[in-house]
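Worksheet: one structure, shown below.
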Amino acid sequence: MAHLLIAATHKSSGKTTFTTGLAAALTRRGMAVQPFKKGPDYIDPMWLSRAAGKPCCNLDFHCMREAEIIAAFCRRDTVADISIVETNKGLFDGVDVEGRDSNAALAALLGAPVVLVIDTLGMTRGIAPLVLGYINFDPGVRIAGVVLNKVGGPRHEGKLRAALEYYTDLPVLGALGRDPALEIPERHLGLVPTNEAGEADRSVDLLAEAVSDNVDLDRIVEIARNADGPCAVLAAIPDSAPRSKDIRIGVARDAAFGFYYPDDLEALESAGAEVVPFDCLEDAALPDVDGLFIGGGFPETQMAALEANQTMLASMRSAIEGGIPTYAECGGLMYLSRSLTWRGETREMVGVIPGDAVMHPRPQGRGYVVLEETGAGPWPLPPSRTGVPARIPVHEFHYASLENLRDDVTYAWRVVRGHGIDGQHDGIVQGNLLAGFSHLRDVEGHRWAGRFVAFVRACRKGKGRTAAKSPVAVR
């Protein structure tokens, strides 16, 4: 049950590239590495999953209670040789001013020692007071060592090591130089995801080699093995027996759509769904399925190819207008709109959503969201005993807006916090289709996957809702 947490002093310090390289390096040593990511994120986990060969699980205080975080962590940690948790932003960053949702709080909850990745660009002796501040800020967090990143050369590294050795007792576990080949390219939502990076495996190999050559892996493994944590006394909660798979749900998996939480897909399977991947760019038509799940991604970067695949657009349009149960998130919503505009170029999309998706230079919705059920959704939460509408913790991160929207749109959710589609609503409901900008998590407070599967099953048996009465014509 060895585990540790990789953190940094601030965002874009290189912790994802280091964590990816570390996971790959340890995996190449024959260790079973289980990656985790703190907070809502899809892209970093895709790289960590690629490096470790295991699905990366997200641990998020916004959507999950502490006991649920511990259970999710232990379920995967207890079957791995080492678990690595990558943070988001800086070690002490979080929404709560007292730090109860911070990366440091997660380290304390899991009893995880911290390895601090420091961007040393333009820094020499100043690294000492920085590190001392982090060591002393929260005595409940154990910083076990530092990794120097973006080091300018041997002379620069020597000055950094000397300052840390003179003023602190913290060991330097390794140093990585300034090498563009070791940087995963970024764009508007962060790193380029692995489903678009043509040489993703080559990038992972380079990072693994760099970490193996410049970081004391044995010392890091030793630190992880000396971790405390809940799993030593809390037995992993056994998975419930999945029911037999009696329905098929098509899931868009290609260069345009790749934002899915592994545990959500597992929840679909546990509820009795066979997950059937399909490619919106290459496949001529939808596979034989009972329902559709179109997740987030970057349809704007692939919009010419999406438009060019007219047979898939027609197949998708016909299926949704015919009543196939469909759930779409963010990029999926954009794909189902009439058109998608980015950088002055407009492309035709599926056309079942009565609006046009338009990309903007700045985020239109970003961060944690709280939704409230309207009761109009095709598979809503059961009514609460108190009569108060259920509130759902989710997240959003989109540069797109939905424009030219019809006035008679029905919404599944009111937005209590966040932006959604218009600042007040999210989740367009049209027949058996539910599509919004928010990203759901299948967690204890909101088991959406089981409800969706049950709805798909009911529709197949002829007991679900009907298709939209007025399909939207493609312009």
Taking segment 391-407 and the residues there that are over 24 Å from the mean Cα position of the chain (by Cα) and part of a loop (DSSP other than H, G, I, E, B), the one that is farthest from Arg343 (Cα to Cα) would be Asp407
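Anything in segment 26-42 that is over 29 Å from Ala256 (Cα atoms) and surrounded by fewer than 23 Cβ atoms within 10 Å (Cβ to Cβ)? List them, or say none.
If the condition is that a residue be over 29 Å from Ala256 (Cα atoms) and surrounded by fewer than 23 Cβ atoms within 10 Å (Cβ to Cβ), then Arg28, Arg29, Gly30, Met31, Ala32 are the ones that fit.
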Picked from segment 434-456 (must be out of contact with any Gly (no Cβ under 9 Å at 6 or more places or on another chain) and not in a helix (DSSP H, G or I)), the residue modelled with the lowest pLDDT is Gly445
Output for Cβ contacts, cut-off 7 Å, separation at least six or different chains, first residue at pLDDT 95 or above and buried (at least 23 other Cβ atoms within 10 Å of the Cβ) in segment 416-431, second of a type in the set (Phe, Trp, Tyr) and assigned to a loop (DSSP other than H, G, I, E, B), reads Gly420/Phe437; Ile421/Phe437; Asp426/Phe437
Scanning segment 200-209 residue by residue, those modelled with pLDDT of 95 or more and more than 18 Å from Asp44 (Cβ to Cβ) turn out to be Glu209
Residues of segment 55-110 being polar (S, T, N, Q) and either closer than 14 Å to Gly39 by Cβ or surrounded by fewer than 23 Cβ atoms within 10 Å (Cβ to Cβ) (or both), in sequence order, are Asn58, Thr78, Thr87, Asn88, Ser102, Asn103
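In the set Glu348, Glu329, which member is in contact (Cβ under 8 Å) with a residue 60 or more places away in the chain, among the acidic types (Asp, Glu) and surrounded by fewer than 20 Cβ atoms within 10 Å (Cβ to Cβ)?
Just a single option satisfies the conditions, and that option is Glu348.
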Note on Ala23: of the conditions (1) closer than 27 Å to Ala267 by Cβ; (2) surrounded by fewer than 24 Cβ atoms within 10 Å (Cβ to Cβ), unmet is (2)
Note on segment 139-156: residues at pLDDT 95 or above and touching a helix residue (DSSP H, G or I) at 6+ places or on another chain (Cβ under 7 Å) are Val141, Ile143, Ala144, Gly145, Val146, Val147, Leu148, Asn149, Val151
Over segment 244-267, the set of residues farther than 28 Å from Thr301 by Cα and surrounded by 18 or more Cβ atoms within 10 Å (Cβ to Cβ) is Ile247, Ala267
If we keep only residues of segment 327-377 that are aliphatic (A, V, I, L, M) and part of a loop (DSSP other than H, G, I, E, B), then the residue farthest from Leu292 (Cα to Cα) is Ala376
| query | Can you find a residue in segment 128-144 that is surrounded by 16 or more Cβ atoms within 10 Å (Cβ to Cβ), under 30 Å from Pro180 (Cα atoms) and in contact with an Asp or Glu (Cβ under 6 Å, 6 or more places away or on another chain)? | reply | no
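Determine, yes or no, whether Leu281 is closer than 17 Å to Ser339 by Cα, surrounded by fewer than 22 Cβ atoms within 10 Å (Cβ to Cβ) and among the aliphatic types (A, V, I, L, M).
Numbers: closer than 17 Å to Ser339 by Cα: yes; surrounded by fewer than 22 Cβ atoms within 10 Å (Cβ to Cβ): yes; among the aliphatic types (A, V, I, L, M): yes.
Yes; evaluated as a whole, the condition is true for this residue.
Among the residues of segment 105-140, write down those that are aliphatic (A, V, I, L, M), over 25 Å from the mean Cα position of the chain (by Cα) and either in a helix (DSSP H, G or I) or over 17 Å from Arg161 (Cα atoms) (or both).
First, pick out the residues of segment 105-140 that are aliphatic (A, V, I, L, M): 105-110, 112, 114-118, 121, 123, 127-128, 130-132, 135.
This time we only want the ones that are over 25 Å from the mean Cα position of the chain (by Cα), so: 121, 123, 127-128, 130-132, 135.
Of everything in segment 105-140, those that are aliphatic (A, V, I, L, M), over 25 Å from the mean Cα position of the chain (by Cα) and either in a helix (DSSP H, G or I) or over 17 Å from Arg161 (Cα atoms) (or both) turn out to be Ile127, Ala128, Leu130, Val131, Leu132, Ile135.
The values are calculated or read from the model by the stated rules, or taken from the named source; none is laboratory data. Given the structure is predicted, the values throughout are model-derived calculations rather than measurements. Note that each Cβ is placed from the backbone with ideal geometry, even for glycine, and that neighbours are counted across all protein chains shown.
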